[in-house]
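> Have a look at the structure that comes next, please.
The values are calculated or read from the model by the stated rules, or taken from the named source; none is laboratory data. This one's a predicted model, so the numbers in the text were calculated from it and none came from an experiment. In this analysis, Cβ positions are derived from the backbone assuming ideal geometry, glycine residues included, and neighbour counts consider all displayed protein chains.
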Amino acid sequence: MQLVARMTNLLRGLAARWIGRREQRHPEAVYAAAIEERVAQYAKLREAAAGIIYLRSKLARELERESTELGRLRRQLEIAVERDDDSVALHLIGRRDAIAAEVARLTAELTELTKEAEGAKQNLVTFQQEIARLRDERVRMLARLASAKARLRFQATLNGLSPDADIRALEEVRDHINRLVTETQVSRDLGDTELEKRLGHIREAEAESSARAQLDELKRARRARLVPMVLPQAVPAR
């Protein structure tokens, strides 16, 4: 018997640990189950409260009817006493006492049911608040969980320990883009060097052409100074 009890406790403990790990991995399911349980309890409580409120309304109508009958019997009893009709008065007294007892019973039951109805209404309000609180808590806690997981992933990425395939793929894409940018820069630098060489040749040719033009201008100016001046002939006097 002790061995069976120990095995039962062991299996129960293992099952509890297994369920606990599953619950930690799926907290949204735990919150959903808790909310559904509260909603089911709320539906049952609402049904019970509706029954109590209906019974209270029924008792209130019965009490009103019996109270009206009791008032009518009392007026009839007064008339019978005034007329000295003892037999009728005795009969009315018996009915009055029975109706009065029934009114007292209905009043006591109605008071008790009124308390129960108020308590049921308060429980309904409490359950509504509990369901709303659980829903708000679910949103808040799941948001905190997602934020914590994102921070852990970010920290793992910074440490270079992230096993996620998308992170590795992004790193490979970044490396590929950086290599292409580097190759483009190298090609542009080589192209700029060749262009500079060609522009240098053009500038040299332009400078040489400008220098030759200046030289030709200097030669023309020198030749102009070396040409002899021709004096005009004198006209004879008449």
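> Yes or no: residue 115 touching a helix residue (DSSP H, G or I) at 6+ places or on another chain (Cβ under 7 Å), more than 21 Å from residue 71 (Cα to Cα) and among the charged types (D, E, K, R)?
So residue 115 does not fit the description; no.
> Another question about this same structure. Going residue by residue through region 158-172, is there one that turns out to be modelled with pLDDT of 75 or more, farther than 30 Å from residue 46 by Cβ and not polar (S, T, N, Q)?
yes
> Which condition from (1) among the charged types (D, E, K, R); (2) modelled with pLDDT under 80; (3) surrounded by 10 or more Cβ atoms within 10 Å (Cβ to Cβ) is the one that residue 133 breaks?
(2)
> So which of 61, 65, 95, 144 is under 39 Å from the mean Cα position of the chain (by Cα) and in the same structural domain as residue 44 (by TED's automatic domain parsing)?
When all the criteria are applied, what remains is 144.
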